[in-house]
Amino acid sequence: MSNTHGKFIWCELMTPDPDAAAKFYGSVVGWTSSKMPAADQPEYTIFEANGVRVAGMMPFPAELEGQGIPPNWTGYVAVDNVDQSARDFAANGGTVRRQPADIPGIGRFAVVADPDGAVLCIMTPLPMENPPPELPFDTPGHVGWRELYANDGAKAFDFYSKLFGWTKDQDFDMGPMGVYHIFAEHGKQTGGMMTRPPEVKMAFWSYYFTVPALDAAIERTNAGGGKIVNGPMEVPGGWVCQAVDPQGAYFCLSAGKR
């Protein structure tokens, strides 16, 4: 297992209105955006924070319409061999939603789901001449945290630990809400998992975008047509909230101060 296997490397939005979404996230998170034309493929948008590529966006695929899948953010995890990792997901109770395929000039990827149905993309990226710098998780504009609502948080951790090599950083007792399992990738604290409460109807991954101050970002979210669905809440190290964008994609914000 290499020192990149199990590492979150990208975050991607599928939305029915990329232009409107680019304007919204540019205001809320502070991203700049640029188009990346691809031959025989839908136009792809790159989000940058202070000149560093942090996320991407694509039009919602026509083949997914009518399947009950909302606009959404999906994370990409690097693996040493995407074909083998896809087989490992299936062998351990998960599913392969899209078989491994090549993205010219980028790498080979697959869409997978864990045994609870939470979806991720896995990718074996091609070597990069100038990889983006490693920045602290609290750097504004970057994906600062990943969070899984699972049917059973402890079982989910065991699953991902086996497939990605993630390790237990610490367990945080949230009282009536249960235990929050904080995990690390190659020794770096990266995200958390918890058993979903009854009001959360399905298992899913969510992504926190770091902003300088939470209240101002909430105001920008509301002004741009988004909606805060939970928070603001104080957590160890700062403040967070959960929201949906104007097209219906769920996202989260985090900041060190209100």
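Within segment 1-27, the set of residues being in a strand (DSSP E or B) and β-branched (Val, Ile, Thr) comprises 9, 15. Pairs are defined by a Cβ separation below 9 Å, a sequence spacing of at least 6 or placement on different chains, a first member in segment 207-219 that is closer than 23 Å to residue 10 by Cα and touching a residue at least 60 places away in the same chain (Cβ under 8 Å), and a second member that is acidic (Asp, Glu) and assigned to a loop (DSSP other than H, G, I, E, B); the pairs so defined are 210/138.
How many residues are among the small types (Gly, Ala, Ser), open to solvent by less than 50 Å² (accessible area, probe 1.4 Å), touching a strand residue (DSSP E or B) at 6+ places or on another chain (Cβ under 9 Å) and under 14 Å from residue 117 (Cβ atoms) if we restrict to segment 79-107?
Count: 1.
Note on segment 28-69: enclosed strands (runs of 3 or more DSSP E) holding 1 or more residues that are more than 19 Å from residue 9 (Cα to Cα) and in contact with a Pro (Cβ under 8 Å, 6 or more places away or on another chain) are 52-59. Considering (1) among the polar types (S, T, N, Q); (2) touching a helix residue (DSSP H, G or I) at 6+ places or on another chain (Cβ under 9 Å); (3) within 25 Å of residue 236 (Cβ to Cβ), the lone condition that residue 124 does not fulfil carries the number (3). Taking strands (runs of 3 or more DSSP E) as the structural unit, those lying wholly within segment 152-236 and holding at least 3 residues that are touching a helix residue (DSSP H, G or I) at 6+ places or on another chain (Cβ under 7 Å) correspond to 179-185, 188-195.
Checking the structure you have, find out if any residue of segment 1-22 is without any contact (Cβ under 8 Å) to a residue 24 or more places away in the chain, open to solvent by less than 60 Å² (accessible area, probe 1.4 Å) and within 28 Å of residue 216 (Cα to Cα). No - not one qualifying residue is present in segment 1-22. A single entry from 197, 133, 176, 125 fulfils the requirement of being touching a residue at least 60 places away in the same chain (Cβ under 8 Å) and farther than 23 Å from residue 1 by Cβ: 133.
No other residue among 80, 102 is over 27 Å from residue 201 (Cα atoms), in a loop (DSSP other than H, G, I, E, B) and either among the acidic types (Asp, Glu) or within 18 Å of the chain's Cα centre (by Cα) (or both) apart from 80.
For segment 162-211, what are the residues that are open to solvent by 30 Å² or more (accessible area, probe 1.4 Å), closer than 26 Å to residue 139 by Cα and among the polar types (S, T, N, Q)? Across segment 162-211, the qualifying residues are 167, 170, 189.
When the criteria are applied in full, residue 97 fails the requirement of being free of Cβ contacts under 8 Å to residues at least 24 places away in the same chain and more than 20 Å from the chain's Cα centre (by Cα).
So how many residues does segment 136-151 have that are open to solvent by 20 Å² or more (accessible area, probe 1.4 Å) and either part of a loop (DSSP other than H, G, I, E, B) or touching a Pro at 6+ places or on another chain (Cβ under 6 Å) (or both)?
Within segment 136-151, residues that are open to solvent by 20 Å² or more (accessible area, probe 1.4 Å) and either part of a loop (DSSP other than H, G, I, E, B) or touching a Pro at 6+ places or on another chain (Cβ under 6 Å) (or both) number 7.
The set of residues in segment 108-130 that are modelled with pLDDT of 95 or more, assigned to a loop (DSSP other than H, G, I, E, B) and open to solvent by 10 Å² or more (accessible area, probe 1.4 Å) comprises 115, 116, 117.
The values are calculated or read from the model by the stated rules, or taken from the named source; none is laboratory data. Not measured: the values here are computed from a predicted model. For neighbour counting, all protein chains shown are included, and Cβ atoms are generated from backbone atoms with ideal geometry for every residue, glycine included. Side chains included, ligands, DNA and RNA excluded: accessible areas come from the protein's heavy atoms. Shrake-Rupley method; radii C 1.70, N 1.55, O 1.52, S 1.80 Å.
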